[in-house]
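One structure is given below, encoded as structure tokens.
The values are calculated or read from the model by the stated rules, or taken from the named source; none is laboratory data. Every value quoted in this text rests on a predicted model; they were computed, and no experiment measured them. In this analysis, Cβ positions are derived from the backbone assuming ideal geometry, glycine residues included, and neighbour counts consider all displayed protein chains.
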Amino acid sequence: MPELADRPPSAAGRRGPKIVGFLCDWAVASQGLVRDDGTMRDLPNVTLIKIPCSGFTRPAWLEFALRNGADGVFVCGCPLGDCFNRYGNNLIGDRVEQLRRRLERQKVNPERIGALFYGKHAGAAFVDAVRAFSDRVAGMPGPAFPPRKPAPAAAGPASAAPRTGPAAQDGQAGAPAGREGT
Amino acid sequence: MYKRLLAGLLAATLRVDTLVARVYPDDFNPLYYTGGLANLFLTVLVLSGIFLFLYYTPSFDQAYTSVQFLTLDVPYGQIIRGIHRYSADGFMIVVLLHLFRNWFTERFRFSRDEPWISGMMLLTLTGFIGVTGYMLVWDQRSEALVAMTANAAAQVPLVGGWLRHALFGGTGLTDLLLPRLLFLHIGPAVGLYVFLWWHYTRIRHPKVWPPAVWTLFALGFVVLLTGLIPVTSQAPAVVSQRPQTLAIDWLFLTPYWAMRFLPPLVLIALAVVLIGYGLYIPYQLPETRSELGLKDSGVAQVIDANCTGCELCYYDCPYNAIVMVPSPNPGVTKAAQARKLRAVILESRCVECGICVGACPFEALELPRLLQKDIHEKVLSACQS
């Protein structure tokens, strides 16, 4: 496998791809699923961050995670139509779709961003879905974002920047540099 | 005890959801639309009720014959009357489903007590409207209902006589009875819309209508029932003789059936206790987030410098907790320079869900104890581990 050497280590790490998940407090119950450090018991490469509602997630945070070494990010909310906060999961579903389209224009595989919807007692199905997501991401080459150092690659995100708005740009400021290689 | 029971009921409710989800996609799960279905039935009830009202004569000698004329001689009268009757039953069923679903899934928590309390009042009014509707037909059942209700009302201590007078216009059967009952049927139905307004004030984009499939199914089912089991009146009321039997509609007339076994005063006390308990449900579990094992993130705060007045948070807040007000000064960031409006949080309505944070692309909203900075730190530590 000669081409493996060219790949940055993040995607081809021994424990699988690095995945960050945002988990709604009211969706899948995290007791028994998560270790103390936030990684999932069955999938140590997946770290879950608890949030008050899936709609709380800013799409910019998903992009932030991808730019900082995560190979995949997902948001998990309650089943569509049954959000504890009425529309949070529908909203994040739409926002994830928009983010996927936006990042696809920046040559990021949109499959790296996921939206899952599982209820409080659907822990097993949730783990299966995350495993499937992780496996899918594991099959993708390279880091989520092309390295910034070469000049032609840097033009991509810069030209798309006005679309994300000034604030979203602020959110990524200082983030990408230096950490691409981890 | 109650907490464990509620947890079990929540688990059961979610299990039912997953079962239904095997048949219907999430967006069409009828259990997610009990409120919208109730509104659908209410609309049908109002429209068919207007039709019935045009033919109804509220007097002792003509009430029964006018209903018979409507049923037998007016084109489609039988169908409209059946639709009115069966929609009322459907209304009661979906309202009860709505009640139990929102109870078991704990949708009364935090600042959602007002929809709950207005909902209890809607339920009480619904029961009352249903009973007065059965009285208007003025067949034997109506007469029995009036007699039993008057008897029960008169037994209430202190206000009994007044209550009976208020409901039926005096002792015995007075000429006022049917006009008063007609008002007591239609007036509270208007009151339903007042309470519905209260029910909706704290809800952004309420699901007031089910998906078209369910609209058609509910209407079709009602019309089908109308054809299969036509609604008929019983024998006309004869004032001189008390009716001996009572045909029960279990959704509305269960208390009258219970009068066989319990004295009316006990039933009235039971009703008061039930309604009182219903109003108390949101305050029975005054748990804070930390007691629930959740992070207490604090009420959302607007960062004035960044707010551009774009209204995205205002549209997305599910509880109408954000209002846009004229901005006295421009913001600090470039995007906020030209703003005309700025967002203001109504803290009493905020449930700390953070949906506004996700809605804001200008970083003008934060949960005080779960800042974007904290999320960034968590993401970074997750990526580095």
Regarding B:Pro361, is this residue at the interface with chain A (Cβ under 7 Å from one of its Cβ atoms) and either touching a helix residue (DSSP H, G or I) at 6+ places or on another chain (Cβ under 7 Å) or not basic (Lys, Arg) (or both)? yes
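For every residue, the table says whether it meets (1) over 30 Å from B:Val208 (Cα atoms); (2) buried (at least 24 other Cβ atoms within 10 Å of the Cβ); (3) at the interface with another protein chain (Cβ under 9 Å from one of its Cβ atoms); (4) of a type in the set (Val, Ile, Thr).
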| site | (1), (2), (3), (4) |
| --- | --- |
| A:Pro52 | no, yes, yes, no |
| A:Tyr87 | no, no, yes, no |
| A:Glu97 | no, no, no, no |
| A:Gln106 | yes, no, no, no |
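Name the residues in region A:63-85 that are touching a helix residue (DSSP H, G or I) at 6+ places or on another chain (Cβ under 9 Å) and facing chain B (nearest Cβ under 9 Å), would you?
So the first thing to find is which residues in region A:63-85 are touching a helix residue (DSSP H, G or I) at 6+ places or on another chain (Cβ under 9 Å), and the list is A:63-83, A:85.
Correct list: A:Phe64, A:Ala65, A:Asn68, A:Gly69, A:Ala70, A:Val73, A:Pro79, A:Leu80, A:Gly81, A:Asp82, A:Cys83, A:Asn85.
Given the criterion assigned by TED's automatic domain parsing to the domain that holds B:Asp139, modelled with pLDDT of 95 or more and in contact with a Leu (Cβ under 6 Å, 6 or more places away or on another chain), identify the matching residue among B:Phe195, B:Phe221.
Working: B:Phe221 fails: in contact with a Leu (Cβ under 6 Å, 6 or more places away or on another chain).
Of the residues listed, the single one that is assigned by TED's automatic domain parsing to the domain that holds B:Asp139, modelled with pLDDT of 95 or more and in contact with a Leu (Cβ under 6 Å, 6 or more places away or on another chain) is B:Phe195.
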Among the residues of region B:1-57, which ones are within 13 Å of chain A (Cβ to nearest Cβ), of a type in the set (Phe, Trp, Tyr) and in a helix (DSSP H, G or I)? B:Phe28, B:Tyr32, B:Tyr33
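Filter region B:100-152 down to the residues that are on the phi > 0 side of the Ramachandran plot and in a helix (DSSP H, G or I) and list them by number. If you could, list the steps in order and put the result at the bottom.
The initial filter retains those residues of region B:100-152 that are on the phi > 0 side of the Ramachandran plot, namely B:106, B:110, B:138.
Once the filter is applied, which keeps residues that are on the phi > 0 side of the Ramachandran plot and in a helix (DSSP H, G or I), region B:100-152 yields only B:Phe110.
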How many of the residues making up region B:327-373 are exposed (fewer than 15 other Cβ atoms within 10 Å of the Cβ) and part of a helix (DSSP H, G or I)? 4
Going residue by residue through region B:145-159, is there one that turns out to be in contact with a helix residue (DSSP H, G or I) (Cβ under 9 Å, 6 or more places away or on another chain), small (Gly, Ala, Ser) and farther than 17 Å from B:Met259 by Cα? no
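Please work out if A:Gly119 is surrounded by 20 or more Cβ atoms within 10 Å (Cβ to Cβ) and on the phi > 0 side of the Ramachandran plot. Lay out the reasoning, then the answer.
Values: surrounded by 20 or more Cβ atoms within 10 Å (Cβ to Cβ): yes; on the phi > 0 side of the Ramachandran plot: no.
Answer is no for this residue.
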Pair list, Cβ < 8 Å and 6+ apart or interchain, from region B:156-179 residues that are within 21 Å of B:Pro58 (Cα to Cα) and free of Cβ contacts under 8 Å to residues at least 12 places away in the same chain to residues that are exposed (fewer than 13 other Cβ atoms within 10 Å of the Cβ) and not acidic (Asp, Glu): B:His165/B:Thr171
